[in-house]
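The values are calculated or read from the model by the stated rules, or taken from the named source; none is laboratory data. Since the structure is predicted, the reported quantities are computational estimates derived from the model, not experimental observations. Note that each Cβ is placed from the backbone with ideal geometry, even for glycine, and that neighbours are counted across all protein chains shown.
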Number of protein chains: 2
Amino acid sequence: MSTIQSDIKQIAKSAREASLKLANINTGVKNNVLLRMSEELLKNGNAIKEANKKDLRAAKGKGLSKAMIDRLTITDKVLKTISDGIKEVAGLSDPVGEVTRMWKRPNGLLVGKMRIPLGVIGIIYEARPNVTADAAALCLKSGNAVILRGGSEAINSNLAIAKVLQNACRKEGIPDAAIQIVPTIERDAVLEMLKLEEFIDLIIPRGGEGLIRFVVENSRIPVIKHYKGVCHIFVDESADLDMAEKVCFNAKVQRPGVCNAMETLLVHKNIAKEFLPKMGKRYQDADVELRGCAETRNILSYAKPAAEEDWSAEYLDLILAVKVVKDMDEAIAHIAKYGSLHTESIITKDYSNSQRFLREVNSSTVLINASTRFSDGFELGLGAEIGISTTKIHAFGPMGLLELTTQKFIIYGDGQVRE
Amino acid sequence: MSTIQSDIKQIAKSAREASLKLANINTGVKNNVLLRMSEELLKNGNAIKEANKKDLRAAKGKGLSKAMIDRLTITDKVLKTISDGIKEVAGLSDPVGEVTRMWKRPNGLLVGKMRIPLGVIGIIYEARPNVTADAAALCLKSGNAVILRGGSEAINSNLAIAKVLQNACRKEGIPDAAIQIVPTIERDAVLEMLKLEEFIDLIIPRGGEGLIRFVVENSRIPVIKHYKGVCHIFVDESADLDMAEKVCFNAKVQRPGVCNAMETLLVHKNIAKEFLPKMGKRYQDADVELRGCAETRNILSYAKPAAEEDWSAEYLDLILAVKVVKDMDEAIAHIAKYGSLHTESIITKDYSNSQRFLREVNSSTVLINASTRFSDGFELGLGAEIGISTTKIHAFGPMGLLELTTQKFIIYGDGQVRE
């Protein structure tokens, strides 16, 4: 066994041991740890910023883009946001131990389902070091041990943050191994981690599509993920066009770099001539590049032609694909063919069309008359978000604390046997 | 692309298309198909039995064991059981479309979660051809398309059953591709199937540990499975010893060849001398071979010595490992170390021990004062069972119709945008 193999195995094994203890720690203790973490991240701000400077120097040396460097940088303001986020997690209700249902069988057995932690969660992510603290807090609150494998460009920042979090655990009597960082930047470490199904219960990859495909192809452990968000809005012929304009503008422009931003706009042919010129003007004013089908370009001469690959593109930028469709059938079929099961919205005043869209579009979040940007754990009221799933297994859509638990059967008997 | 690759891809693609239709078919139509299937399996009994004879001849030629041949044989009685099973599925309530929760956000958005089918389910199984009909019925009722890949030894029987089921679909206007059999016995077909994450949402392998490990190692599609059932009963010092005797006898002897049968008995040292001789006598009378720890063998001289591997063995036979433990801590630690997260039971009269066992044992089914044999979809009241999961993701324990669905977010707005 190589050193990396044995190191990773040791990390996973101690995480499994810690998880057995974590599963049975009371909420009050977990909240105390979280509040202590929140405080100590601020107290140890200088040490974290020093470590971050090392990462920043290396990043500049490697010529990383300004956007990447921005995301990597830990300022006092970033630290305050991280600290506040952890405090909020302390305020969320603890899902562990909840009995969600209980029923009686004809033979007198009382059968119930009780929420328990998943056990050990591996998070494989890129970029922002704030994920280190956010994910650790959510895993701890839901009674899970976590193994964090951040991007190589943030390794010093991640280790410094984790050290503070682990100290807070230790001071409250929680095993250090509740929160662990994979301390190497070798890719083999990830491959090794993905084999340890005996010790790790779930892998959540967060980052670009390449990273996520690598994880899915190599993991024996269940993976919850989304590859990308190709979100659609369909403006129906009955839509309130002012509302459509406001919502479509928000969904594309308010924050174009995130997975729940709209990437393709579908417009009913009967209102295209009225709607598209006004909508197009607003997009032009906001520097949004439009890529349209032939019919769109008949109406908006300045739109570029959309190629086949535009219909499945996740631009994450001020670019929008636009297609005029002849009816609802075509809109739904287009979404089924090119969509990513992430988030789709219809703008309509028609009752029957609204219900049909809700029923027939099988994405993880389906909206009527609202911006796709609401597909987010905080916005939907989950209290927090550990990620978004477009895999239908376990969780579908934004995931909060509940999605970090499973339910076991609990059975109260008085001597029943099977005949 | 080889012929197998393109055949399997075509099957999976047409399953995906069928699944989009199935997701929106009303319960009444689904029930009509199921009732028709149930009838036509009996009407076409001769054709199915003829196909089965081909399989039986081949099996005898290959020298399969009598037990294997018994499981493969389709008699009129087996057909009647299959037919009745499908009729029962028609009687179960349809989970699709249920809105399980709905809440309002401060901005007026009404957010809910709605049950929808998973989409396309691949079932990879060995042995009994009745799985073909059972699994097809459960998938259809929950609105899923299914791709069935049975064992090579049952290929003719499986194809004959599937033909009847597909005819029933066609007559009720449901696409044939709702139920498909992989028509080849090549193992490459399975490998190919496991790559098609674009078209298949979930794989459920059912069979021996070897088959299941092969599937987990090679699948890019989420897999729900259990490798084995190493189920324990812990007889606490406060146990009602008559109850303990009755339950421990039932858990081992009533049907030893199934995954929820007890494989290891843990006995508190303070009652071992009273309990083991009586219990041992009953096991001896039933030809159960005991393999004990040193202390067990001090009490039961006829017990064979247990080796380390006995503690993690799934015998599926009239063999039982027996260990005397010094207390509840040792019992729980033993289960955590050697158990399979399947099913464990405690026999006790002590309130606090019963609650502690329920809380601290993190298996998918945990019982107090009842036989492990109740860990079964029918027995727990799920109405049916598609399999048992010891993976904590998505489902944990016996899985019924609900576990063949996921929940999407549905959101009713009136023009909301994000600030």
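Can you name the residue in the range B:95-112 that is over 20 Å from the mean Cα position of the chain (by Cα) and closer than 19 Å to B:THR27 by Cα and, of all such residues, is farthest from the other protein chains (Cβ to nearest Cβ)?
First pass over the range B:95-112, keeping only residues over 20 Å from the mean Cα position of the chain (by Cα): B:96-112.
Those left that are additionally closer than 19 Å to B:THR27 by Cα: B:96-100.
On the way: B:VAL96: 10, B:GLY97: 8, B:GLU98: 13, B:VAL99: 10, B:THR100: 10 Å.
In this case the residue turns out to be B:GLU98.
Hey, can you tell me all the residues within the range A:1-49 that are among the acidic types (Asp, Glu) and within 29 Å of A:GLU186 (Cα to Cα)? Explain how you work it out, then say what you get.
Taking the range A:1-49 first, the residues among the acidic types (Asp, Glu) are A:7, A:17, A:39-40.
Correct list: A:ASP7, A:GLU17.
Strands (runs of 3 or more DSSP E) wholly in the range B:349-405 with at least 2 residues that are touching a strand residue (DSSP E or B) at 6+ places or on another chain (Cβ under 9 Å), at the interface with another protein chain (Cβ under 8 Å from one of its Cβ atoms) and within 21 Å of A:GLY97 (Cβ to Cβ) - which ones? Steps first, please.
Details: elements: B:365-370, B:387-389, B:397-399.
Answer list for the range B:349-405: B:365-370.
From A:THR365, A:THR343, which residue is in contact with a Cys (Cβ under 7 Å, 6 or more places away or on another chain), crowded, with 22+ Cβ neighbours inside 10 Å and within 30 Å of A:ALA90 (Cα to Cα)? If you could, list the steps in order and put the result at the bottom.
On the way: A:THR365 fails: in contact with a Cys (Cβ under 7 Å, 6 or more places away or on another chain).
Every option except A:THR343 fails the conditions.
Any idea which residue in the range B:253-286 is modelled with the lowest pLDDT, counting only those that are within 27 Å of the chain's Cα centre (by Cα) and small (Gly, Ala, Ser)?
Start the filter on the range B:253-286 by keeping residues that are within 27 Å of the chain's Cα centre (by Cα), which leaves B:253-266.
Among the residues that remain, those that are also small (Gly, Ala, Ser) are: B:257, B:261.
On the way: B:GLY257: 91, B:ALA261: 97.
Only one residue fits best here, namely B:GLY257.
Condition first: buried (at least 24 other Cβ atoms within 10 Å of the Cβ) and β-branched (Val, Ile, Thr). Now tell me which residues in the range B:97-122 satisfy that.
Correct list: B:ILE116, B:VAL120, B:ILE121.
Only one residue in A:ARG101, A:ARG115, A:ARG105 is basic (Lys, Arg), under 28 Å from B:HIS394 (Cβ atoms) and in contact with a helix residue (DSSP H, G or I) (Cβ under 8 Å, 6 or more places away or on another chain). Which one?
When all the criteria are applied, what remains is A:ARG115.
Which ones in the range B:22-58 are among the charged types (D, E, K, R), surrounded by fewer than 16 Cβ atoms within 10 Å (Cβ to Cβ) and touching a helix residue (DSSP H, G or I) at 6+ places or on another chain (Cβ under 9 Å)? Quick ask: steps written out before the conclusion?
Step one: filter the range B:22-58 for residues among the charged types (D, E, K, R), giving B:30, B:36, B:39-40, B:43, B:49-50, B:53-55, B:57.
Now narrow it down to the ones that are surrounded by fewer than 16 Cβ atoms within 10 Å (Cβ to Cβ): B:39, B:43, B:50, B:53-54, B:57.
Hits for the range B:22-58 are B:GLU39, B:LYS43, B:GLU50, B:LYS53, B:LYS54.
Would you say A:LEU140 is farther than 11 Å from A:LEU404 by Cβ, in contact with a strand residue (DSSP E or B) (Cβ under 8 Å, 6 or more places away or on another chain) and hydrophobic (A, V, I, L, M, F, W, C)?
So A:LEU140 does not fit the description; no.
If I filter the range A:127-140 for residues that are buried (at least 23 other Cβ atoms within 10 Å of the Cβ), of a type in the set (A, V, I, L, M, F, W, C) and in contact with a Cys (Cβ under 9 Å, 6 or more places away or on another chain), do I get at least one hit?
yes
Going by what's in this entry, would A:ALA384 be described as more than 30 Å from B:ARG255 (Cβ to Cβ) and at pLDDT 95 or above?
Numbers: more than 30 Å from B:ARG255 (Cβ to Cβ): yes; at pLDDT 95 or above: no.
Taking the combined requirement at face value, the residue does not satisfy it.
Give the residue that is surrounded by the most Cβ atoms within 10 Å (Cβ to Cβ), with candidates limited to residues of the range B:235-244 that are within 10 Å of chain A (Cβ to nearest Cβ) and part of a helix (DSSP H, G or I).
The initial filter retains those residues of the range B:235-244 that are within 10 Å of chain A (Cβ to nearest Cβ), namely B:240, B:242-244.
From the residues that got through so far, the ones that are part of a helix (DSSP H, G or I) too are B:242-244.
On the way: B:ASP242: 10, B:MET243: 20, B:ALA244: 24.
Here the residue is B:ALA244.
Just give me the residues in the range B:192-224 being facing chain A (nearest Cβ under 10 Å), under 13 Å from the mean Cα position of the chain (by Cα) and more than 17 Å from A:THR391 (Cα to Cα), in sequence order.
Passing the criteria: none in range.
This table checks each residue for (1) modelled with pLDDT under 95; (2) in contact with a helix residue (DSSP H, G or I) (Cβ under 7 Å, 6 or more places away or on another chain); (3) assigned by TED's automatic domain parsing to the domain that holds A:SER238.
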position	(1), (2), (3)
A:THR348	no, yes, yes
A:GLN355	no, no, yes
A:ILE368	no, yes, yes
A:SER389	no, no, no
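When you look at B:ARG115, is it under 28 Å from B:PHE378 (Cα atoms) and of a type in the set (Lys, Arg), yes or no? So that I can check it myself, show each step before the final result.
On the way: under 28 Å from B:PHE378 (Cα atoms): yes; of a type in the set (Lys, Arg): yes.
Yes, satisfied.
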